[in-house]
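Data block below; observations after.
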Amino acid sequence: MSESEHIEAFEQWLGSPIASALAVFIEEYGGSFVGEQCVIYAPADLRERNECYETRQYCPGWITIGDDGGGRAVMVSPTLSPSGVFLVDHGVMTEDCFLQVAGDLSEWARLGSRYTD
């Protein structure tokens with residue numbers, strides 16, 4: 001399967017399309033690091049990672065696109081509305097525990113995923 005086909009399969013599982021800018025971001029960065037800490041999941045891994053962390057159950061309306069290797073998920077809205085990039089501890093995956101780390105994906109990538117705890 002191609003990366004775009006994996007994204008289409010993820011959208012089918014999700015039950016709705018993701019923003020085209022998000023799909024492009026995942027295709028570009030998927031399977032690699034943004035900065036030194038955060039890995040973006042490859043398109044083929046999106047469904048499995050979201051199932052594993054039960055994202056739909058604990059964070060409805062959000063998806064996990066990566067992690068920081070330290071127990072926190074990288075969360076975005078699949079529609080990019082709101083456009084922010086957030087981190088949340090895998091142990092408390094609720095929206096009220098989100099830490100916003102950037103205003104949007106391009107800002108976050110440009111900053112190399114740096115953030116302040």
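The values are calculated or read from the model by the stated rules, or taken from the named source; none is laboratory data. Owing to the predicted nature of the structure, the values given are computational and were not obtained by experimental measurement. For neighbour counting, all protein chains shown are included, and Cβ atoms are generated from backbone atoms with ideal geometry for every residue, glycine included. Heavy atoms of the whole protein, side chains included, go into the accessibility calculation; ligands, DNA and RNA do not. Shrake-Rupley method; radii C 1.70, N 1.55, O 1.52, S 1.80 Å.
Per-structure values
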{"quantity": "Per residue solvent-accessible surface (Å²) - the chain, probe of 1.4 Å", "calculated": "51"}
{"quantity": "Per-residue [θ]222 nm for the chain (sum of -39500 (n - 2.57) over DSSP H runs n ≥ 4, rounded to 500)", "calculated": "-9000 deg cm²/dmol"}
{"quantity": "Only Lys, Arg (+1) and Asp, Glu (-1) charged, at Cβ; the stretch 1-45 dipole about Cα centre in debye", "calculated": "100"}
{"quantity": "Sequence ranges 23-34, 53-64, ranked by mean other-Cβ count within 10 angstrom, highest first", "calculated": "23-34, 53-64"}
{"quantity": "Which of I40, F25, V88, positive extreme of dipole for the chain (C-beta unit charges)", "calculated": "V88"}
{"quantity": "The chain: projected area of the alpha-carbon convex hull, averaged over directions, in nm²", "calculated": "6.3"}
{"quantity": "Cβ-defined net charge surrounding S77, 12 Å radius [Lys, Arg +1; Asp, Glu -1]", "calculated": "-2"}
{"quantity": "Only Lys, Arg (+1) and Asp, Glu (-1) charged, at Cβ; the chain dipole about Cα centre in debye", "calculated": "160"}
